[in-house]
Amino acid sequence: QQLLIEEFSGVKFVAWNANNFDAYFVAAALVTDSTYTIRPYLTRSNSLRGMRIMLTEFIDGEGDYPQDAPSWEFLDGMAMLGLAGVSLAKFLDNFAPEHHKLTGVIDFERETFDAQNPKHCEYAMRDSVGLYHGMIAAQQILLDRFNQPLTVTMGGACIKIFQANIPRDVKVYTPPDELLEVIRFYAMRGGFCYCVKRYQGPVWKYDLNQA
C-alpha cells in the first residue's frame, strides 16, 4: 500500500540483484491479490528481467492495458546496466564513491537483518541512497553520449541507440519468414557470453546486444 499508489504510477523501483531476490518478495505479496496483475519480463529461457504491476480492472479481454492506466515497474540495476555478477559495493565505488557501501555493520554469517535495529536500517538506507545516485550517474553517461535513458536491460537500451542512429536513407526490410525464424531461434540469444577484456580472435557464439 505504500508503493502501489497513484502518486507513484509510472515509477521504476530499482534494486540491486532484484531479479534474484527482491522481485520474488513483491510477486509473493501480490500473486494472490486479484486487484493486481503481474507481467514479468522474461528472456527466452524464462530468466526474469523485471516485472510490471498493473491494475486488473483496466486489462481488456485481449490482455491489452491502456498506456495512461496506473502501473509500476520493479527492475534490477544489474540487468539495466549489464553488470551481471558485479557487487553493489564495487558498483558504488565506481559510480557513487561518495555513497560507498557501509561495512562492518551486519555480520551475515552470525545474524540476519533486523528492522528494529537502527544500525541495520542505516545500512539498508545507505544501500538505497547509494544505488539511486549510482544509477543516476550511469544513466547520465548514456544521456550525454547517446541521448538514451536506461531501460529494463542494457541490451534494450543499446538496441534503441542502434535504431536511433540508422541513417535516414537506409531502409530496413523485414526478412522473409524462413530467415526470420532462423534469426529468432538461433541468433537472438542476448546475454549468452561476454569478454571481460578487449578481445580479437575467433568466436563461435556471441551476444548480439553487446556486439
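The values are calculated or read from the model by the stated rules, or taken from the named source; none is laboratory data. Fair warning: this is a prediction, and the values are worked out from it, not measured in the lab. With ideal geometry, Cβ positions are generated from the backbone for all residues, glycine too; neighbour counts draw on all protein chains shown. All accessible areas refer to the heavy atoms of the entire protein, side chains included, with ligands and DNA or RNA removed. Shrake-Rupley method; radii C 1.70, N 1.55, O 1.52, S 1.80 Å.
For this structure, a couple of remarks:
- Odd one out for Tyr41, checked against (1) open to solvent by less than 40 Å² (accessible area, probe 1.4 Å); (2) in contact (Cβ under 8 Å) with a residue 40 or more places away in the chain: (1)
- Count of region 116-127 residues which are in a helix (DSSP H, G or I) and surrounded by 13 or more Cβ atoms within 10 Å (Cβ to Cβ): 6
- Of the residues Ala28, Ala23, the single one that is at pLDDT 90 or above, exposed (fewer than 15 other Cβ atoms within 10 Å of the Cβ), out of contact with any Lys or Arg (no Cβ under 8 Å at 6 or more places or on another chain) and not aromatic (Phe, Trp, Tyr) is Ala28.
- Total residues in region 137-188 satisfying the condition of being among the aromatic types (Phe, Trp, Tyr), surrounded by 11 or more Cβ atoms within 10 Å (Cβ to Cβ) and more than 30 Å from Glu73 (Cα to Cα): the figure is 0.
Every residue, every condition in (1) open to solvent by 90 Å² or more (accessible area, probe 1.4 Å); (2) touching a residue at least 12 places away in the same chain (Cβ under 8 Å), yes or no:
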position: Glu7; (1), (2): yes, no
position: Val11; (1), (2): no, yes
position: Trp16; (1), (2): no, yes
position: Ser34; (1), (2): yes, yes
position: Arg52; (1), (2): no, yes
position: Ile59; (1), (2): no, yes
position: Asp64; (1), (2): no, no
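- Candidates Thr56, Thr37: the one that is touching a strand residue (DSSP E or B) at 6+ places or on another chain (Cβ under 6 Å) and more than 29 Å from Tyr132 (Cα to Cα) is Thr56.
- Out of Ala23, Ala28, one residue alone is of a type outside the set (Lys, Arg) and farther than 20 Å from Ala157 by Cβ. It is Ala28.
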